[in-house]
Structures are given as C-alpha cells and as structure tokens.
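Trainee: This is the structure I want to talk about, given as structure tokens.
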Amino acid sequence: MDQLACNRARATPRAGARVKQCCFRSTRLVVRIQALAQSDDRELAYTTRRGFVAGVLGAWGGVGALLGSVRPASALTLEQVTPPVVPAPPLPPREAAIVSAFERANYSIVNVVDILLPGRAAANPEVDIPEGNGTGLIWDAEGHIVTNYHVVLNSLKGLTGPNPAANRPRVAKVTLLNAAEGGLEQTFDAVLVGADRTRDLVVLQLAGAVPPGALRPAALGSSSGVRVGQQCLAIGNPFGFSHTLTTGIVSALNRDIKSQLGTTIPGGIQTDAAINPGNSGGPLLDSSGAVIGINTAIFTPTGSSAGVGFAIPVDMVKSVVPQLIANGRVVRPSLDAQIAPDTVAARLNVGRGALIQSVTAGGAAEKAGLLPTRRGLSGIVAGDVIQAINGRPVNSAGDLLVALDGLAAGERAELRIVRSGDQGLQELSVAVTLSAEK
C-alpha cells in the first residue's frame, strides 16, 4: 500500500511544477519529500506515528554515539597536539655561497661615528639615525681602519695645515666585533692617521689596548678583473642598523663618482646592491667575500637607495692607503695640465682619449712640449689628446687619472698622443717626467 502511494505521487505531480522526489524506506517508515520550484511546501507522509518516533530516537542515538567518541581536550598530551618538526633542507649552492662570503667578511667590518656628531632622533622613536655614522673595514692587525673622508668630515673641518693627521687627533668612535670573543661588540676611540680628500678616503687607528685576536683584517681582492653582471655584496650600517648585508650585481664600470666633497673620483664601480646613508666607507665584496671597492656615493632623488650606488675601486684604495699610513697624506704625480671634461672633448670632435685643455707654465707638460687647446685662425684648435700612458690605453679623462694613480712623482712616463695640426692629425710619442701634485 505504501509503495503504491509513492508510485502514484511520482506519476501525478502538481501542475506546472518541477518535482524532485526522494523516497526513504525503513521497516515501517516511508518519507516522501516534494520540493517544488514555485512553492516551499513540503509534504511528509508517515505510515504510523509510532514509526516516526522510533526513527527520531534512532537518529538521536547515532548523534550521541558520535559525540561520545570525541575525547575532551584535557585528555590530550602535549606530544599529541605538537606537529612534527621537519628538518630544514640544505641551502641551494648559490645561497650557501652568499652566507659563507658574509660570514668570512663580517668580522672585518666596523661601525664608524664622527665624535662631533652624536646623532639625532629619527621619525620613528625606536630607531636612531646618527649623522656622521658610517662603515669602515679593518685594514691590518695594527688596528688601521679605512673609511670615507666624508664620514668624519665634521671632525676634519677643524684641522688645518698641510698634514692634518700630524698630531693624530681623535676623530671617531669605532665599534667592532671581537673575533676572539665570538663577535662581542667593543667600542674604541680612533685617531686620524691620514686623509685624502681628493679620493674621499681616510685611515684611522684604534686607540688604546686592543685584545689579542680581536682584529680580523679584510681580504682584499682586485678591481681590475671585475666584470659587469657579476654578483656583489655590500655590508654596512645603513641608518644605524649594523652589519646589514645587501646583494646585487655590478651594473657598470669606469664611472666618474661625484663625491660629497665636490671632487671627482675616476674608475668607479656602479652597483644595484642597496646602499643607504650609513653604508659609506664599507666594502663592496665579490661572491667570495673579497673587497673589490669602498662604497662611497648613491644617486637618488629621495636620499635613500634607488638602485644606483658607487664604490671606489679597491686597486685605487690599495695605492692610497699605504701612503696615508706612511706619510699621513698622498703625494700624487701630475702632468701640470688641466684635462678637459669628456663632454667638452666631444664638442671638439675628440672621440677617444684625454684632451689637454691648458698647461701650467714651467710645469711637466709644458717642458715635455705638450700643446693645450688654443684658438687658431680657423677657430678653436683641440690640444693634444693622450690615448695611452706607458702602454696603458686611455679612453677618457677618468682613465688618465686612474693611470696616474699607479705612478709616482718624479717618474718618467711615455705618452702616446694625437695632435691636431695644419697637416691633419699626427700620432706622436712624448716622454714626460711627472711632478708632484700641488
């Protein structure tokens, strides 16, 4: 009888409606649900009231059995609720190389603060950004520290005379990681040993007793083999955050760096590794952790890193620092000639080399017979263009300065020049005895 009623309901749905039907059959219970698309009515049919009650009680019994199987939280142990710890996989080789380079170089990096500039509060009260705060590197086991001239500029402003370092004045405080004590931070006073404003470099020395084994000199590489695209690392103290590592690539070579002191430093290394205020004086490293440059300047409209940073090539640093340690100053060789900027040379159709703009009367260039840029009957005549010095190619004014840095005053140099004359261009070799830069 029940099955017959169910079949009859399937055969005669309500007019104009879609019907979804489900028959649930138990021993004494059949439930039929009609879900109408145009109506919320539901029709329940039960064979007997006793069957319906029995079904409901059976359902509640199943729920009770399920709840009874759940254990209370108080019955769980700490081990049961603690997820398993998965060991970290080994670092990829490239990341492992960066970590290794940082760990090798980190103990050679110091924080340098000008003693006349204790610092100022930042916009964020949790961060202190010291003015005159910079980075340096440990040069040797005698406690010599190399950093930028502009890092300790305020202390140097009050020093006069041809050799400001003669009396070894105290100019900075240096904080280092004691290599013998597992990286314990220690701060020392530092005195001025030598200064080179032209190349934005100074050498300091730690004052007082330095614990044995505390100093780990930096590993110096060479900038002559640096290539555009190779990976590089910068370690420093940007915004006072000590021993911060940033990475990037060498973006370009032989850039003329306009330093904060108004001087031009030739042969600069350009990088996109983040360099910010506080990185000045710190090292630019290759992927092995060897120093290839000293971070000096950034090009930015905001005052912070825009991905264009510059470093003094380490080969130049290696020629300057020994002189500063020995003499307190640098005596550079000079041609006693003013070299025209590359933009001026280009306007005079000089495509390659260093154009002599003027010469000093009685100086090395004039004695050697070198000709300056001058005015002729047909207009301006370009001066001699230096294209090589001692066989080393000179493609720009910056190249000439770099080449001269490797020579000494009083040394004889062989120049290959191109001279403009009535007969056109001539290639000549000219010997010149370099004088001391005044």
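Trainee: Normalise the Cα radius of gyration of region 297-388 by 2.2 N^0.38 Å (N = residues in it) and let me know the number.
Mentor: With N residues counted in region 297-388, Rg over 2.2 N^0.38 Å equals 1.48.
Trainee: Could you tell me, in Å, what Rg and Dmax come out for the Cα atoms of region 256-314?
Mentor: Looking at region 256-314, its Cα Rg and Dmax stand at 10.8, 33 Å.
Trainee: Per residue, how big is the convex hull of region 331-431 when only Cα atoms are used? Give it in Å³.
Mentor: Convex hull of Cα atoms, per residue: 95 Å³.
Trainee: State, to one decimal in nm, how far the label point of residue 338 lies from the label point of residue 378, with both points 7 Å from Cα in the Cβ direction.
Mentor: 2.6
Trainee: Can you tell me which lysines have their Cα less than 28 Å from the Cα of residue 318? Leave out same-chain residues fewer than eight positions away.
Mentor: The qualifying lysines are 157, 173, 258, 438.
Trainee: Roughly how many nanometres apart are two label points built 7 Å out from the Cα toward the Cβ at residue 430 and residue 231?
Mentor: Taking the two extended label points, one gets 4.8 nm.
Trainee: Enumerate the amide H contacts of residue 381 below 5 Å, restricted to partners 5 or more residues apart or on another chain; note that Pro and chain-start residues carry no placed amide H.
Mentor: 374, 375, 376
Trainee: While we're on this one: Just how far, in whole angstrom, is region 227-244 from region 376-438 if you go by their alpha carbon centroids?
Mentor: Cα centroid to Cα centroid, the span is 37 Å.
Bear in mind these aren't lab numbers, they're just calculated from the coordinates by the rules spelled out. Computed from a prediction, not measured in an experiment: that's the story for all the values here. All Cβ positions, even for glycine, are placed from backbone atoms using ideal geometry, and neighbour counts span all protein chains on display.
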